[in-house]
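Comments concern the structure below.
Since every read-out is calculated from the coordinates, none of them should be taken as a lab result. Everything numeric in this text was worked out from a predicted model, so none of it was measured. Cβ placement follows ideal geometry from the backbone for every residue including glycine, while neighbour counts extend to all protein chains displayed.
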Amino acid sequence: MKPQTILFVSHPQEQCGVHQFGLSVARALEGSRKYRFQYLECAGGDDLLAGVKRSEPAAIIYNYYNCTLPWLDPELTRRRLRMPQAGIFHEVTQALADQAGNELFDFHIAADPTLLLINPRVFKTGRLLPEYAGKAVTPEITTIGTFGFGTPGKGFDKIVLQTQREYDRAIIRMHLPIATFGDAEGSGVNAVVQRCRELITKPGLELQVSHQFLARHELLDFLAGNTLNAFLYDDIGSRGISSVIDHALAVRRPIAVSRSSMFRHVLGARPSICVEDSSFHQIIANGTEPLRPYWEEWTEANLVWDYERIISNILARPLPPRPKRQEASLLRRIARKVKRRLGIPATAPLPAAAGDKRMGLENPLPVEVASPPPRINYSYETLPEYRPLNRILDDKAREQYQPAIDALFQLTPRLMERKIPRANIQQAFVFDTVLKFAAARPASGILCVGGFEDTAAAGLKAMGVWFEDIDPAFNYDLHTFLTKPSTVKGGYDIVFSTSVLEHVEDDERFVRDIASLLAPGGLAILTCDYNDSYRPGKPIPPEDFRFYTQSDFRKRLLPAAPDCSLVDEPRWECPNPDFSYAGCAYTFATLVFRKN
């Protein structure tokens, strides 16, 4: 069967980060075997309509930014084109994604791994790291590199000052091309260069600046030739993720960033790559190991998988109702009012800072950026390893694990404040148990299933434990994860899941999937809602599918996990459940098993 055509539309101006992003994605999508992605550069509506007529696409994806496709309007997308249409969301924040409507597109696609999937019109993908065939060679003289358009807030002066504080002899290399949109005359970039030269006072510091437009392989060679690549943007809080990191990651050189929301997707690197936490010297000494998880995740194969899933989802849905003509007219009137307030011509496109009213979006809202890990006096070694691990988490357990609960309040105070206090024992058990077993296998692969709003997962991250994290709220469910190209069956030494099992309809498949991911000797650590006297039909909280019993564990779930066995002899007796929620009395239990 011939694959369906998906049209990928962008603009023709090459000296533009949005154009380069779209071209990279389109080239990657040529590798799809499920759909035929066809790339089309359009200078206006006539180009688009002609392309649609030629290719007869099942859906259209727009590499959209309001100033690069100013001719794209609701009259064209909502009335003249009837297939599903999705726009790539470049300047996305959580607030903007949550508000996104269908005035211009039916759906939106955001390349922001940190986004929560709250709005059903919004999908997300990982990043795409360019392929680099060259070889990075460490320069003899410490060389701090950076690149980007000379627009305000990029912190090029901060790079000069930071280098000057740390080094008496160094080279600062800046590649600052002229931006077609926003700085066509080059006045902005010239001012940046002049300011940077004025800041240098040490004779041993040399500033090298280039402006010519580089092809992708030339830009990657530039980045590979630096000891460290630094990006110290201001944190204005209302911007999307910066693509400069994609290129810097590709060449596998150390990276330094500021704690800006535009780098929120890499702020979890450990040891930290933020200049607020570490010096250039220290970041260079730490090498590239903190960046390894991003290389492994943001591959071309994973990106194609993301887009194939998104397109399949879009094509399977009924087309959302389109706004009426008067609604589109209202949007244009709103845009005119915004332009008058900003003092720009009525025919000019809205600048990015004004938001894009045609997408039904208000001005961007601030994004909360991850903080440095707090320093606490907790160590998993301070708690004995209570046995059995398969047990009831009752008041005795709360007393035993109180130090872990206290640690979670230090590590994730705002998150813990939102939780039911007597339920925190589950997270404390998982937190402490994962720490103990991760220490025994320090190079282990760890997977968290259901990490959204999970204080155990948040606490482990704050303690510097690296793990993959999946949850339908921010990426996908466990069974979908198994189809991901980079997922390695039998590749995880620890899989943990806090209070998720009772919310999964097909719990036997859930446990079977976990077992398939465990390496030999690998450990699954789960907690769940439990009442050994429960029988189907009895009251349960509305979020649950069931309470668990010993019979469930022994007769259904363990047989569903091939080649697995309990780590110890369980104690699941609980004649008097000690927790109440939604009018139901129950308790919490653990299920800990090992791959044989």
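The table below gives the values:
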{"quantity": "Ala582-Lys555 FRET efficiency (beta carbon distance; Förster radius 30 Å; 0.05 resolution)", "calculated": "0.65"}
{"quantity": "Positive-end extreme of charge dipole, the chain - chosen from Gln410, Leu482, Ser55 (charges on Cβ)", "calculated": "Ser55"}
{"quantity": "Cα→Cβ-extended label distance, 7 Å offset, between Arg82 and Ile420, nm", "calculated": "5.1 nm"}
{"quantity": "Extension reserve of the Asp157-Glu385 stretch, reckoned as 0.36 nm per residue once the Cα distance is removed", "calculated": "76.9 nm"}
{"quantity": "Over region 143-291: Rg over Rh, Cα atoms, Kirkwood Rh", "calculated": "0.93"}
{"quantity": "Alpha-carbon Rg with Dmax, taken over region 550-596, Å", "calculated": "13.1, 40"}
{"quantity": "For region 285-299, 3J(HN,Hα) per residue [Karplus equation, 6.51 cos²θ - 1.76 cosθ + 1.60, θ = phi - 60°, Hz, x = Gly/Pro]", "calculated": "5, 6, x, 9, 4, x, 9, 4, x, 6, 4, 6, 8, 9, 9"}
{"quantity": "Theoretical FRET efficiency, 1/(1+(r/R0)^6), r = Cβ-Cβ of Arg197 and Ala95, R0 41 Å, to 0.05", "calculated": "0.60"}
{"quantity": "Rounded to the nearest 20 debye, dipole of the chain from Cβ charges on Lys, Arg, Asp, Glu", "calculated": "1580 debye"}
{"quantity": "Net charge, Leu48 excluded, C-beta distance under 13 Å - Lys, Arg +1, Asp, Glu -1", "calculated": "-2"}
{"quantity": "Restraint check, Lys555/Lys595; Lys538/Lys595; Lys34/Lys595, Cα-Cα greater than 27 Å", "calculated": "Lys538/Lys595; Lys34/Lys595"}
{"quantity": "Cβ-based exposure ranking for Lys538, Lys154, in which fewest neighbours within 10 Å come first", "calculated": "Lys538, Lys154"}
{"quantity": "Distance between modelled label sites at Tyr476 and Leu319, nm, 7 Å Cα→Cβ extension", "calculated": "2.8 nm"}
{"quantity": "Antiparallel bridge percentage (DSSP; both residues within the chain; nearest 5)", "calculated": "25 percent"}
{"quantity": "Positive-pole candidate from Ile241, Leu460, Leu161, dipole of the chain, charges at beta carbon", "calculated": "Ile241"}
{"quantity": "Packing-based exposure ordering (other Cβ within 10 Å, fewest first) of Tyr307, Tyr386", "calculated": "Tyr386, Tyr307"}
{"quantity": "Formal net charge of residues neighbouring Asp221 (Cβ-Cβ distance under 14 Å; K, R +1; D, E -1)", "calculated": "+3"}
{"quantity": "Two-site label geometry, Glu166 and Gln15: point separation in nm, points 7 Å out along Cα→Cβ", "calculated": "3.2 nm"}
{"quantity": "Read-out Cα Rg over 2.2 N^0.38 Å, derived from the coordinates shown; its label in [x] 1.06; [y] 1.11; [z] 1.02", "calculated": "[x]"}
{"quantity": "Which of His90, His247, His479 has the fewest Cβ neighbours within 10 Å, and the rest in rising order", "calculated": "His479, His247, His90"}
